[in-house]
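See below for the structure under consideration.
The values are calculated or read from the model by the stated rules, or taken from the named source; none is laboratory data. None of these values were measured; they are calculated from a predicted model. For neighbour counting, all protein chains shown are included, and Cβ atoms are generated from backbone atoms with ideal geometry for every residue, glycine included. Protein only, heavy atoms only, side chains kept; ligands, DNA and RNA dropped before computing areas. Shrake-Rupley method; radii C 1.70, N 1.55, O 1.52, S 1.80 Å.
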Amino acid sequence: MSVDKATVEKIAALARIAISEDEAQRLVPELNNIIGWVEQLGEVDTSNVEPMTAVIPNTLRLREDVVTDGNVRDDVLANAPQAEHGFFAVPKVIE
Amino acid sequence: MSELTDLGVKALRDGIRSGEFSARETADAFIAQVAKAKSLNAFLVETPDHAIAAADAADAARAKGDTLAPLAGVPIGMKDLFCTKGVQAAAASHILEDFKPPYESTVSQRLWDAGAGMLGKLNMDQFAMGSSNETSAFGNVVSPWRREGGGNAPLTPGGSSGGSSAAIAARLCPAATGTDTGGSIRQPAAFTGITGIKPTYGRCSRWGVIAFASSLDQAGAMARDVTDCAILLEAMAGFDPKDATSLDAPVPKWEAGLNADLSGKRVGIPKEYRSDGMSPEIEALWQQGIDWAKDAGAEIVEVSLPHTKYALPAYYIIAPAEASSNLARYDGVRYGQRELPDGAGLQDMYAATRAAGFGDEVKRRIMIGTYVLSAGFYDAYYTQAQKVRTLIARDFENAWIECDLLLTPTAPSAAFGLGETTDPLSMYLNDVFTVPSSLAGLPAMSVPGGLDKQGLPLGLQIIGKAMDEQSVLNAGLALEQRAGFTARPEAWW
């Protein structure tokens, strides 16, 4: 499978990364090199092999259903590029 | 008395306890070294006040006759990947520039609780993605090491924990935290002639460690010798309910358990690690390590890890896939930088913010990850890689029938020159010996083995069974005692 410029632009759009024409052009051979190389995994016979889900056997824990944190609104907002009236502010999304 | 900055963690801890010198003198000595070493670019932020506060607390506790905490008054470096309350944690990326976490990571908090102080935040590859430190948004770290007769060509300190490795090798700090996703503690340790251990996945809490690839990311200890690594790791490790993958197991007394006698231990030599292209110097070092292990009483056995060659390609699907998901949080809304072109809407803001904030390697990996997870390709790439990962873990399980530890070189070469490796794929190959154990979540460490012809350090890697850090540390100690590695870079910075 190899990627072309249109595919690179589609991936960038999905990843929400703006790229220029030039960058898209440059990324085509770069990504193809890497993807071509990882495709050697296709030679491995993995029939009857389960995909890895946890490297070390571990069980999910339950805890009491109680509030353990909160009341830190100002801390949460402190690093926001734009915070107003106790909220994160973003450009207008509804016309 | 030798210079305080020549002492390691154990010597500093013991000297402060006995009153041979004060914690304040110790902190001041390291702070002065950090301030003088700007040309190494190892520290992104210096926090002398933090180190001094911990030192003064240690001295006050001693004056009162209190029992000192395990690391009381020992100043350390903190990789920039760890969230530190009120102190910038940027993962060496522009997108998080000026981010001051309102909370402390579990690992760093445990170190402060143990009495350690912070000298500053250490430079690294951006979001821990890189093997040379060249992906840092704030300029690469320069290794304190130089080639003999090779002029002053700047060398890489390795990556991603390159600020940590350089700072320790240059005696700017006696120890530092590192994180290892595919070799980011072990390869920089090997490149700078220091020691570094990545424990079993889940030993150290990931809470507050800026995420790269969550199923692989693991914090660990970097220091000048094995004992110091054991001391630091003991303070860092431990169960944390805030990390769902944290191991609910007691932390062994690794320092007290150190024992360099390897009698009864079987050390496996994986034949697949011996590639045709292996440099003769690396091969000679490996043989030397085998002889040292034998001398320490170990039985040497050849073992096979048949899926070794597939570890790197599997890693470069799994790690980017997890990264593309983890790094989706950088959207210019909640923290970090925002790029808002005139008249841009929300979607344009996301795309512009991420284009401006992420470096090229980070973008490359996010895009690879997005591609392998996208509709129609998920099974062919991601599921297949996770199946191969199962086979790689099974290879190790089978090897443990025949041996207790594995011994390999840490990296395929000594440190290379900055700017020498420009092709992403060639850079990835640096991790060929470290990635398989990362994929299997196993504890592994690098210890210095000797110098190559250019006078640059080379490292030996020991891989152990899950939860068996003690055997890894013990084998490391046995090699360390026989290597007698005392070389250090001459101060030019």
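Restricted to segment B:1-39, and to residues there that are in a loop (DSSP other than H, G, I, E, B) and modelled with pLDDT of 95 or more, the residue that is most open to solvent (accessible area, probe 1.4 Å) is B:GLU20. Identify all residues within segment B:98-121 that are in contact (Cβ under 8 Å) with a residue 40 or more places away in the chain, more than 21 Å from the chain's Cα centre (by Cα) and on the phi < 0 side of the Ramachandran plot; write none if there are none. Of everything in segment B:98-121, those that are in contact (Cβ under 8 Å) with a residue 40 or more places away in the chain, more than 21 Å from the chain's Cα centre (by Cα) and on the phi < 0 side of the Ramachandran plot turn out to be B:PHE99, B:PRO101, B:TYR103, B:ASP113.
Residue-wise test of (1) surrounded by fewer than 23 Cβ atoms within 10 Å (Cβ to Cβ); (2) in a helix (DSSP H, G or I).
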position: B:ILE300; (1), (2): yes, no
position: B:LYS309; (1), (2): yes, yes
position: B:TYR315; (1), (2): no, yes
position: B:SER325; (1), (2): yes, yes
position: B:ALA328; (1), (2): yes, yes
position: B:GLU339; (1), (2): yes, no
position: B:TYR350; (1), (2): no, yes
position: B:ALA356; (1), (2): yes, yes
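So, B:ALA321, is that one crowded, with 23+ Cβ neighbours inside 10 Å and small (Gly, Ala, Ser) or not?
On the way: crowded, with 23+ Cβ neighbours inside 10 Å: yes; small (Gly, Ala, Ser): yes.
Against the criterion (crowded, with 23+ Cβ neighbours inside 10 Å and small (Gly, Ala, Ser)), B:ALA321 qualifies.
Which ones in segment B:415-430 are surrounded by fewer than 24 Cβ atoms within 10 Å (Cβ to Cβ) and in contact (Cβ under 8 Å) with a residue 60 or more places away in the chain? Across segment B:415-430, the qualifying residues are B:PHE416, B:GLY417, B:LEU418, B:GLY419, B:THR421, B:PRO424, B:MET427, B:TYR428, B:LEU429.
If you scan segment A:14-34, which residues turn out to be assigned to a loop (DSSP other than H, G, I, E, B) and open to solvent by 40 Å² or more (accessible area, probe 1.4 Å)? Residues satisfying the conditions are A:ARG16, A:ALA18, A:ILE19, A:SER20. Selection of segment A:51-65 for residues being touching a Lys or Arg at 6+ places or on another chain (Cβ under 7 Å) and open to solvent by 40 Å² or more (accessible area, probe 1.4 Å) yields only A:PRO51. Filtering segment B:358-377 to residues that are open to solvent by 20 Å² or more (accessible area, probe 1.4 Å), under 27 Å from the mean Cα position of the chain (by Cα) and facing chain A (nearest Cβ under 8 Å) leaves B:LYS363, B:ARG364, B:THR370. Scanning segment B:415-430 for residues that are hydrophobic (A, V, I, L, M, F, W, C) and under 18 Å from B:ASN140 (Cα atoms) returns B:ALA415, B:PHE416, B:LEU418, B:MET427.
Within segment B:98-108, the set of residues being open to solvent by 10 Å² or more (accessible area, probe 1.4 Å) and in a helix (DSSP H, G or I) comprises just one member, B:THR106. Hey, any hits in segment A:5-13 for a residue that's at pLDDT 95 or above, part of a loop (DSSP other than H, G, I, E, B), buried (at least 17 other Cβ atoms within 10 Å of the Cβ) and facing chain B (nearest Cβ under 7 Å)? No: zero hits.
Every listed requirement among (1) open to solvent by 80 Å² or more (accessible area, probe 1.4 Å); (2) at pLDDT below 95 is met by A:ASP45 save one, (2).
Condition check ((1) farther than 21 Å from A:PHE88 by Cβ; (2) within 7 Å of chain A (Cβ to nearest Cβ)) across all residues:
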{"site": "B:VAL333", "(1), (2)": "no, yes"}
{"site": "B:ALA351", "(1), (2)": "no, yes"}
{"site": "B:ALA356", "(1), (2)": "no, no"}
{"site": "B:ASP379", "(1), (2)": "yes, no"}
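Checking each residue in segment A:46-82 for being facing chain B (nearest Cβ under 7 Å) and outside any loop (DSSP other than H, G, I, E, B) picks out only A:ASP75. When segment B:77-97 is filtered for residues that are in a loop (DSSP other than H, G, I, E, B), touching a residue at least 60 places away in the same chain (Cβ under 8 Å) and either within 12 Å of another protein chain (Cβ to nearest Cβ) or of a type in the set (Val, Ile, Thr) (or both), the ones remaining, listed by number, are B:CYS83, B:ALA89, B:GLU97.
In a residue-by-residue description of segment B:63-78, the property of being over 18 Å from B:SER18 (Cβ atoms) and open to solvent by 10 Å² or more (accessible area, probe 1.4 Å) applies to no position.
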